[in-house]
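J.: Could you have a look at this structure, given as structure tokens, before my questions?
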Amino acid sequence: MTSPIALVTVSYFSGDDVVNCLRSVSAASAEPPQLIVVNNAATDDLQPVLAPFTGATVLNPGSNLGYGAAVNLAARSLPASAEWILVTNPDVEFTPGSIDALLAVATADDRIGVVGPRITNDDGTIYPSARALPSLTAGAGHAIFHRVWPGNPWSRRYLQADRSQTRSDQPVTSGWLSGACLLVRRSAFEEVGGFDDRFFMYFEDVDLGERLANAGWKVLYVPTASVAHAGGTSTKAHSAAMTRAHHHSAYLYLAKRYHQWYYLPVRLALRLGLGLRSAAAGR
């Protein structure tokens, strides 16, 4: 029987991480999901390292599409039997039963569009993977003060669910969920057009969560499902470029959200402020 879940991961010179990720899947799901790896590094041959995973499909777009566009490519290739798309970073490892736990919550309500697990860092701390949508005030306050004043009120509001739910196992409605690991209903994903390809990296998950919620789908954080995330191992060698990409995507998201003509002065201020912050952070 074909699994209703298709796992999609995107590799950029991340072969070792992909192997560890896929190895963790068998204990995480009673029914093995379909496995799809999008290889965004045209010169990286993944076939030898993925040989043990006989059911895995490797898609080679021939260039680096970015994260969201690569996932969209994989989603378009899925058979009709795939009702759920498990989007995961290659440096994520699933704990036993975690995929089953996500699916159990996701299938409990036909209006649930996406669920995300509790994500732990290398040191065992919880990554704040469930967050409120970044308003102008909360987003700016978090961006400006988080590094120097972690307990500021804007960051507390923005990094909501993980901090408030460490003592609870109940699913929590969230504004958006980290794209490091998402189980998204395929029909919901297709209804909203998938990820916005304009986000090369970062904020594509924020944008997706907002569009799903606006379309009437529920966005739920599931703390009973847990995964471990090494955190950006495929981008450490390109940190300056990733810093620029993060700030560009932040501007793109806010400009898209506040697109009306009367927000033009705000958009200009955002472009200037994020550009200066990107330049300072890249030094």
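The values are calculated or read from the model by the stated rules, or taken from the named source; none is laboratory data. Computed from a prediction, not measured in an experiment: that's the story for all the values here. Positions of Cβ are backbone-derived with ideal geometry, glycine not excepted, and every protein chain shown enters the neighbour counts.
J.: Across region 89-105, which residue is surrounded by the most Cβ atoms within 10 Å (Cβ to Cβ) among those that are within 15 Å of the chain's Cα centre (by Cα) and among the charged types (D, E, K, R)?
T.: Asp91
J.: Within region 30-49, is even one residue in contact with a Ser or Thr (Cβ under 7 Å, 6 or more places away or on another chain), in contact (Cβ under 8 Å) with a residue 60 or more places away in the chain and assigned by TED's automatic domain parsing to the domain that holds Ala101?
T.: Scanning region 30-49 turns up at least one residue that is in contact with a Ser or Thr (Cβ under 7 Å, 6 or more places away or on another chain), in contact (Cβ under 8 Å) with a residue 60 or more places away in the chain and assigned by TED's automatic domain parsing to the domain that holds Ala101.
J.: Now, a different point. Can you pull out the residues in region 177-210 that are more than 20 Å from Asp110 (Cβ to Cβ) and in contact with a strand residue (DSSP E or B) (Cβ under 7 Å, 6 or more places away or on another chain)?
T.: Result: Ser178, Gly179, Ala180, Cys181, Asp205, Val206, Glu210.
J.: Can you list residue pairs whose Cβ atoms sit under 8 Å apart, with the first residue in region 112-125 being of a type in the set (S, T, N, Q) and the second being buried (at least 24 other Cβ atoms within 10 Å of the Cβ)? Count only pairs 6 or more apart in sequence or on different chains.
T.: Thr120/Val227
J.: Can you tell which of Ser168, Ser155 is in a helix (DSSP H, G or I), assigned by TED's automatic domain parsing to the domain that holds Arg76, at pLDDT below 95 and small (Gly, Ala, Ser)?
T.: Being in a helix (DSSP H, G or I), assigned by TED's automatic domain parsing to the domain that holds Arg76, at pLDDT below 95 and small (Gly, Ala, Ser) holds for just one of Ser168, Ser155, which is Ser155.
J.: For region 65-88, state whether one or more residues are more than 20 Å from the chain's Cα centre (by Cα), assigned to a strand (DSSP E or B) and buried (at least 16 other Cβ atoms within 10 Å of the Cβ).
T.: No; the residues of region 65-88 include none that is more than 20 Å from the chain's Cα centre (by Cα), assigned to a strand (DSSP E or B) and buried (at least 16 other Cβ atoms within 10 Å of the Cβ).
J.: Could you list all residues from region 1-28 that are crowded, with 20+ Cβ neighbours inside 10 Å and basic (Lys, Arg)?
T.: Selection gives nothing.
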